[in-house]
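The values are calculated or read from the model by the stated rules, or taken from the named source; none is laboratory data. All of these numbers come straight from a predicted model, not from anything done at the bench. All Cβ positions, even for glycine, are placed from backbone atoms using ideal geometry, and neighbour counts span all protein chains on display. Just so you know, the surface numbers come from the protein's heavy atoms only, side chains and all, with ligands and any DNA or RNA stripped out. Shrake-Rupley method; radii C 1.70, N 1.55, O 1.52, S 1.80 Å.
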Number of protein chains: 2
Amino acid sequence: MNSIKSHKKTANTRLAMINAAIEIFGRDGYHGANNRELAKKAGVNLALISYHFGGKEGLYLAVFEHIAAQIKLRLEPLTAQLQLDLLSLSNVDVDDNNAKDQSLKIIESLLFAYIELLATEQTAVWIKLILAEQQAPSPAFAILYRGPISHLLQLLSQPVAFYLQKNPDHMMVKLTTLNLIGQIQIFRSFRQTVLQHTGWQDIKADELDLIKQQISLNVQALLAGLSIAK
Amino acid sequence: MNSIKSHKKTANTRLAMINAAIEIFGRDGYHGANNRELAKKAGVNLALISYHFGGKEGLYLAVFEHIAAQIKLRLEPLTAQLQLDLLSLSNVDVDDNNAKDQSLKIIESLLFAYIELLATEQTAVWIKLILAEQQAPSPAFAILYRGPISHLLQLLSQPVAFYLQKNPDHMMVKLTTLNLIGQIQIFRSFRQTVLQHTGWQDIKADELDLIKQQISLNVQALLAGLSIAK
DNA sequence: AATTATTAATCATTTGATTAAATAAATTGA
DNA sequence: TCAATTTATTTAATCAAATGATTAATAATT
């Protein structure tokens, strides 16, 4: 597999296989998926799974490499901008109310981006794969964590730390960052419960607006309260 | 299966199989588990899976019946008490600060109970099974939802609604309730990420105390902020 | 011509389920 | 009470289908 020399069409074949694999691994899980259905959906021969990826497991890992790269690509423009915003923040007096407002805006931007990421039809399958790895980590988890996950956490920790006037390494900052993500993540990880409890049929544009609205209120209330509390 | 007449040992055998199944389904997922290992772990013959439960799927459903019953049993004392507290709340003036404090206490009690539920070694496996159902609901999900899940949501909605001076059916109440649960649920559903981000080795007593402490602060800050905002 | 990619056919295991026989427990009748 | 009988439970052996992987032949690309 992964030979140095390759034909022109090879990349296409591999991509077709990875896309099929995302769909089927996402739907059925690693064990529930089988190579024949995988190959059929990709429109290629069964033996190509072993030929290109060394087997089912290799294909599974390739899927996570692909997803990590895609998420990075998708978040890059936003995170580049926010890095700049954060830089300008660090030179500002912490008691400046304007600066607090700005850090709040950065937090909101990141959380809204995460909401969008959770919601898109395409990424919905990614999140399923990621959730599976969170419960039973395989070597694929490292690919994810060293990629987009730690990136998002690091980025979000900074404005939270600034707002709470603490070091990003402070446990309170870390926990609060996780709590913020949790408020959103619940809509994917407890998807079925959310649908039942709200009476929604699906989580589409209208529902996302409601969620964003609520999250916006929550973030302001939570951080304002926390920064007063201690 | 499930014959009307049964011998004395039958209940023990079934329970041994269910307990083994919880462990193995939780670890490997429905598809990843296989009947031979299941039977071996339970210390019974392979054919008993079909005999007692009609097959692998029947055993899987029986697992969820068992879990739902266990969670109910475990939360019953607390919820009975809180129902009473809620009843006394409903007769009180909403502007009474004491009443607000009390509703906050009820919320905290429920969330702390949920944290404990997430944390126990035994229940950890249950949550894994529940999470799997959230992603790809099978008939087992209905067993869960009609049982402990909707119960917890209904119960938690009431003090939240009281505090926010809204109807429990109001979407803001529903979303806030879910957000509160999400803040906690993240510690299980993103378990591996939490461990990496915090540097924890495991989530045990010490870590649970930190989480509770933070959640306590969050709930106060969040609800106070929200009830002022609107 | 040589290398790389793809295919059809096949192999060896695994797996869920079934069957028929054996064992254990409950029930019956004296 | 206690053997005889019925019923329920458990076991070992086996089946048929599914599955991941491999092989040898063919096609495409360089």
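Numbers below:
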| item | result |
| --- | --- |
| Length added when fully stretched, A:Gln154-A:Leu61, from 0.36 nm per residue minus Cα-Cα | 31.1 nm |
| Probe 1.4 Å, protein heavy atoms only - accessible area per residue of segment B:10-53 in square angstrom | 52 Å² |
| Pairs beyond 18 Å (Cα-Cα), from A:Lys105/B:Lys212; A:Lys174/A:Lys212; A:Lys128/B:Lys128; A:Lys9/A:Lys128; A:Lys100/A:Lys166; B:Lys128/B:Lys212 | A:Lys105/B:Lys212; A:Lys174/A:Lys212; A:Lys9/A:Lys128; B:Lys128/B:Lys212 |
| Hits among aspartates and glutamates - C-alpha to C-alpha of B:Lys40 under 16 Å, sequence gap 8 or more where chains match | B:Glu23, B:Asp28 |
| For chain A, built as a Gaussian network whose Cα springs stay under 10 Å, the top-fluctuating residue of A:Leu178, A:Leu155, A:Leu82 | A:Leu178 |
| Area of A:Asp101 that stays accessible when all protein chains are in place (1.4 Å probe, Å², to 10) | 90 Å² |
| Per-pair calculated FRET efficiency, R0 = 22 Å: B:Ala229 and A:Asn98 via Cβ, rounded to 0.05 | 0.60 |
| Spacing of the two label points (7 Å from each Cα toward its C-beta) at A:Asn12 and A:Ser50, in nm | 2.6 nm |
| Chains B and A together, accessible area buried on both sides, 1.4 angstrom probe, square angstrom | 4700 Å² |
| Segment B:10-53 shape via C-alpha gyration tensor axes, a/c threshold 1.5 | prolate |
| Top positive-direction residue, dipole computed over the protein assembly as shown with Cβ charges, set A:Ser189, A:Ile49, B:Leu156 | A:Ile49 |
| Per-residue average of Cβ from other chains inside 10 Å of B:213-224 | 6 |
| Average beta carbon contacts from partner chains per residue of A:193-201, 10 Å cutoff | 6 |
| Whole-percent carbon and sulfur share, accessible surface of the protein assembly as shown, 1.4 Å | 52 percent |
| Gaussian network model of chain A, Cα within-10 Å springs - most flexible of A:Leu78, A:Leu104, A:Leu180 | A:Leu78 |
| Straight-distance crosslink candidates among aspartates and glutamates, where the alpha carbon sits under 17 Å from A:Lys72 and sequence neighbours closer than 8 are dropped | A:Glu116 |
